[in-house]
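Here's the structure we're looking at; comments come further down.
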Amino acid sequence: MKFHVEFTYDTAGREKLLNFFRHGGLDTDGPIKIAGAWISIQTGSGFALVDTKDGKAFFDLCSAWSEYGELKVTPVIDAANA
């Protein structure tokens, strides 16, 4: 299943979040594939596209990530399959 993960953070947490990304916070082996992650420094927001069938692994990733701000997770499907 694919997920659109929107995230927001405040300016106080920006450096911690950037370090999370720089040090492989979204590098995953196994059941989770990150198609990409994009961030807007000026707005304190960003999003990632995630593909996984392992709910527990996805929960663990989101739990680690949520330390840096708020997450909004939305399941998505390929438009061609809608």
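The values are calculated or read from the model by the stated rules, or taken from the named source; none is laboratory data. Quantities reported herein were computed from a predicted structural model and do not represent experimental measurements. As a convention, Cβ positions derive from the backbone with ideal geometry for all residues, glycine included, and neighbour counts pool all protein chains shown. Note: accessible area is taken over every heavy atom of the protein model, side chains too, but ligands, DNA and RNA are not part of it. Shrake-Rupley method; radii C 1.70, N 1.55, O 1.52, S 1.80 Å.
Annotations for the structure displayed:
- Extreme residue, farthest from the chain's Cα centre (by Cα), among residues of the stretch 1-24 that are part of a loop (DSSP other than H, G, I, E, B) and more than 20 Å from ALA57 (Cβ to Cβ): ASP10
- Apart from one condition, LYS72 fits all of (1) part of a strand (DSSP E or B); (2) free of Cβ contacts under 8 Å to residues at least 24 places away in the same chain; (3) surrounded by fewer than 12 Cβ atoms within 10 Å (Cβ to Cβ); the exception is (2).
- Test: residue in the stretch 36-55 that is at pLDDT 90 or above, among the basic types (Lys, Arg) and touching a Pro at 6+ places or on another chain (Cβ under 9 Å): yes
Rundown of residues vs (1) free of Cβ contacts under 8 Å to residues at least 40 places away in the same chain; (2) of a type in the set (D, E, K, R); (3) surrounded by 15 or more Cβ atoms within 10 Å (Cβ to Cβ), yes/no style:
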| residue | (1), (2), (3) |
| --- | --- |
| GLU6 | no, yes, no |
| ARG14 | yes, yes, yes |
| LEU26 | yes, no, yes |
| GLY36 | yes, no, no |
| ILE39 | yes, no, yes |
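- The set of residues in the stretch 41-52 being more than 13 Å from the chain's Cα centre (by Cα) and surrounded by 10 or more Cβ atoms within 10 Å (Cβ to Cβ) consists of ILE41, GLY44.
- Criterion violated by ILE77 - all others in (1) β-branched (Val, Ile, Thr); (2) surrounded by 10 or more Cβ atoms within 10 Å (Cβ to Cβ); (3) at pLDDT 90 or above satisfied: (2)
- Checked against the criteria, LYS56 does not count as open to solvent by 50 Å² or more (accessible area, probe 1.4 Å), touching a residue at least 24 places away in the same chain (Cβ under 8 Å) and out of contact with any strand residue (DSSP E or B) (no Cβ under 7 Å at 6 or more places or on another chain).
- Tallying residues that are under 14 Å from the mean Cα position of the chain (by Cα) and at pLDDT below 90 within the stretch 25-35 yields 4.
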